[in-house]
Amino acid sequence: MKLIRISTLLVFLCAAVQLWAWGQTGHRVVGYVAQQHLSAKASKQVNQVLTKFSLEMSGNYMDFLRSDTNYRFMNSWHYVSIPDGMRYEDIIPNPKGDVISIIEQLIVELRTKKFKLVKDEEFAIMALVHLVGDIHQPLHVGLAEDKGGNDIKVKWFGEATNLHHVWDSEIIDNEQLSYEEWGKHVNRNIEKWQVKAWQSSTVRDWAQESQDLRKACYDFDENANLKYEYSFRHLKTVELRLEQAGVRLAGLLNSIYD
Ligand SMILES: [Zn+2]
């Protein structure tokens, strides 16, 4: 009986973890790409602060906390809901924080070394790695009415899932690459001018890009069984967003630590 209860709890926790976050691989790819674009000085300092995980692995920390009720207040940090045709400046922001306001605040706290959102510098970096990833997933700048695609039931190669999860994990996992293989793959073609252009944009620009991309995520029929064709159609977008997230994360960390 106890075993059943524990396994039920585990299923519940895993289900909770799946909401609102690139999957584990996606966050690691963002950390991997960022590591390639850090200056030597920033890399040394960042990796001194990170005692628990490497930059690649630290992005998963925010999702580990989701199973802990003490951290439930952070749930709204992973996303922002903006209706079609509106901008962030047009909405009343969530008073509990959203992915835009929290990233902006984390940057301030990392610059001033005064930590209010989270307990210390290490936690702030780990949160930044995670949330810069999240804001680049188009459905993290989602519509409130379907919870960023979480309420859109679809099949993925015949298995029941939802649209948000397809974008967090399924398209990435379908490639059957490790995060390092993924990281090398997406990092290989990034040009200097792209790094410069991507790093000169703002957090709100990143959210706007995701909002602009999200409509295309819905281009399938109701009760669709999504497969190779859907994956193939959107793979380039997934790759681009992981590249941009990694490069921009490095830009932020360079600006703070170099
Ligand atoms: Zn997340």
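Here is the figure for segment 118-130: residues that are more than 11 Å from the ligand (Cβ to nearest atom), part of a helix (DSSP H, G or I) and within 22 Å of Pro93 (Cβ to Cβ) total 2.
Each row is one residue, and each column tells you yes or no for (1) touching a Phe, Trp or Tyr at 6+ places or on another chain (Cβ under 7 Å); (2) within 16 Å of the ligand (Cβ to nearest atom); (3) at pLDDT below 95.
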| site | (1), (2), (3) |
| --- | --- |
| Lys2 | no, no, yes |
| Leu10 | no, no, yes |
| Gly23 | no, yes, yes |
| Val30 | no, yes, no |
| Ser43 | no, no, no |
| Val46 | yes, no, no |
| Leu50 | no, no, no |
| Arg66 | no, yes, yes |
| Asn70 | no, no, yes |
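I'm trying to understand the selection: among the residues of segment 217-258, which are open to solvent by 50 Å² or more (accessible area, probe 1.4 Å), assigned to a helix (DSSP H, G or I) and not acidic (Asp, Glu)? Residues satisfying the conditions are Tyr228, Phe232, Arg233, Lys236, Leu240, Ser255. Of the residues in segment 92-103, none is open to solvent by 50 Å² or more (accessible area, probe 1.4 Å), assigned to a helix (DSSP H, G or I) and either farther than 21 Å from Asp258 by Cβ or away from the ligand (no atom under 16 Å from the Cβ) (or both).
Within segment 51-66, residues that are β-branched (Val, Ile, Thr) reach partners that are away from the ligand (no atom under 16 Å from the Cβ) with beta carbons closer than 8 Å, at six or more positions or on different chains, in the pairs Thr51/Glu122. Determine, yes or no, whether Asn60 is within 25 Å of Tyr179 (Cβ to Cβ), open to solvent by less than 70 Å² (accessible area, probe 1.4 Å) and within 16 Å of the ligand (Cβ to nearest atom). So Asn60 fits the description; yes. Close contacts from segment 123-151, counting a first residue that is farther than 15 Å from Glu243 by Cα and a second that is within 12 Å of the ligand (Cβ to nearest atom) and modelled with pLDDT under 95, with Cβ to Cβ under 7 Å and a gap of 6+ residues or different chains, come to Met126/Tyr61; Met126/Met62; Ala127/Met62; His140/Trp20; Gly148/Trp20; Asn150/Leu19. Quick check: anything in segment 55-66 part of a loop (DSSP other than H, G, I, E, B) and either of a type in the set (Phe, Trp, Tyr) or over 18 Å from His27 (Cβ atoms) (or both)? No, that holds for no residue.
Comparison of Arg214, Arg233, Arg204 shows that the only residue that is modelled with pLDDT of 95 or more and touching a Leu at 6+ places or on another chain (Cβ under 8 Å) is Arg214. Only one entry of Gly148, Gly133 meets the criterion of being modelled with pLDDT of 95 or more and not in a helix (DSSP H, G or I), and that entry is Gly148. The residue list Ile190, Ile171, Ile152 contains one member that is hydrophobic (A, V, I, L, M, F, W, C) and within 15 Å of the chain's Cα centre (by Cα), which is Ile171.
The values are calculated or read from the model by the stated rules, or taken from the named source; none is laboratory data. Note that this is a predicted model, so its numbers are computed, not measured. Neighbour counts run over all protein chains shown; Cβ positions are idealised from the backbone, glycine included. SASA here: full protein model, heavy atoms, side chains in, ligands and nucleic acids out. Shrake-Rupley method; radii C 1.70, N 1.55, O 1.52, S 1.80 Å.
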